[in-house]
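Below is one structure; the comments refer to it alone.
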Amino acid sequence: MVANNSAQPRRGRPANAALGQTIADAAFDLFMELGFEAATLDKVAQRAKISKLSIYRHFENKEALFSAAIAARCHQLVPQGLLECTDGSAEDQLVAAGSLLLRTLMRADVRGVEAMVMADKTNQRELSKLHYAAGAGHIIASIETLLRQLHAKAALHVPDPALSARLFAALIKGSDLLMIARFDEARAQDATEIHSYCRSAVAMFIAAHGGSGDTRDQPAAVRVCSDPVG
């Protein structure tokens, strides 16, 4: 059973960061292989070739270790600042961000985390909360930062960046390519497929946020969204 006071990091003297990463990596692999319940701290210690006491020097409990393991993997795939504003148009930056997120969501290890959480009926509620905070929450915060920068540059009109970041993430996570990846990975990961989907999704997003882009090559449905009514 997952405790409700779970995901707090260990307070006190700073622990060795490299060892903490080693523990988190070992824990992530075991959570994927065995599930949350079966991946005991004893097994994590054995996999990391350390003592169980060393784990407790870094993490309050197994729930905190789970959260840290998910966060570490997410930060490896989508490092802080990677989605932040760079050179290029708003469309180019959002297409790049969307493509990165879609490719990340199609990774086997990322899909495996979600499957593991959903399979754990005993701890599903709390694990889902930890998974959201460490994974999706981090990504949405990065998107929000990008949108705030685009708004500040007047490239887009984004009065509520937090909500718009959630909407953008939903457009990407809603791609049918994620389902296609389950039976036709080659098609789902095709660069043309990914770029085409993300470009159309971004066109809809920009149309809803006061952007003006070249819509000549966009699908008709997207152009309609951009045109004023009447």
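Rule-based calculations on the coordinates, nothing more; no lab input. On a predicted model such as this, the values are computed, not experimentally measured, just so you know. Every residue, glycine as well, gets a Cβ built from its backbone with ideal geometry; the counts of neighbours run over all protein chains shown.
A few remarks follow.
- Partners for K62 among lysines (Cα-Cα distance below 23 Å; same-chain residues under 8 apart left out): K43, K49, K52, K121, K129
- Taking 0.36 nm per residue of sequence separation and removing the Cα-Cα distance, the H195/S51 pair yields an extension gain of 47.2 nm.
- If you plug the beta carbon distance of D25 and L178 into 1/(1 + (r/R0)^6) with R0 = 22 Å, you get a FRET efficiency near 0.30.
- Seen through its C-alpha gyration tensor, with square-root eigenvalues sorted a ≥ b ≥ c, segment 17-74 comes out rounded because a/c lies under 1.5.
- Bridgeable aspartates and glutamates around K153 (alpha carbons under 17 Å apart, same-chain partners fewer than 8 residues away excluded): E84, D87, E91, D92, E144.
- Exposure proxy order (Cβ contacts within 10 Å, fewest to most) of S200, S175: S200, S175
- Full-extension gain in nm, E185 to A38, via 0.36 nm per residue minus C-alpha separation: 49.9 nm
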